[in-house]
Structure formats: C-alpha cells, structure tokens
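Bear in mind that the values in this text are calculations on the coordinates, not laboratory data. Worth saying up front: this structure is predicted, and the values here are computed from it rather than measured. With ideal geometry, Cβ positions are generated from the backbone for all residues, glycine too; neighbour counts draw on all protein chains shown.
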Amino acid sequence: MGSQEIRDALGGISRQRVYQITQRRDFPEPVAQLGMGNVWLAEDVEAWIKEHRSSLDD
C-alpha cells in the first residue's frame, strides 16, 4: 500500500496529512522503500486504521 492508497483509506486526506501520520511512532514501518516512495503492508495499515481511526469504519 502506497501513500495514495493510504489517503484513500483515510477518506481522501491531504498528502501532507498522510506524511504526518506515516511519521508517527505508532504507525507501521514500511516494508519497502521504492523510487516512488514507501510501501506498507495493507494488513498493517488497515489494522492501524481500525485501532486509531475507528470512526472511519462507518
């Protein structure tokens, strides 16, 4: 999952906000760093969203 997919999963937040969120200590570590940016496991990001952003599950 790249930053665009994270933006979509969090309801279309800004690129700057995605950067802030992915820099948090409690956000999962990326599994790879590619030329286009970091990549995270979708399962890890989805679990983080469920734990920290439960209001988005509506």
(message) What are the pairs with Cβ atoms under 6 angstrom where one residue, in the stretch 1-26, is among the basic types (Lys, Arg) and the other, located anywhere, is assigned to a loop (DSSP other than H, G, I, E, B)? Sequence gap at least six, or different chains.
(response) Arg7/Ile13
(message) Just to be sure I understand, how many residues within the stretch 3-34 are over 12 Å from Trp48 (Cβ atoms), of a type outside the set (D, E, K, R) and buried (at least 16 other Cβ atoms within 10 Å of the Cβ)?
(response) 3
(request) Working only within the stretch 1-53, note down all residues that are hydroxyl-bearing (Ser, Thr, Tyr) and under 11 Å from the mean Cα position of the chain (by Cα). (result) Ser3, Tyr19, Thr22
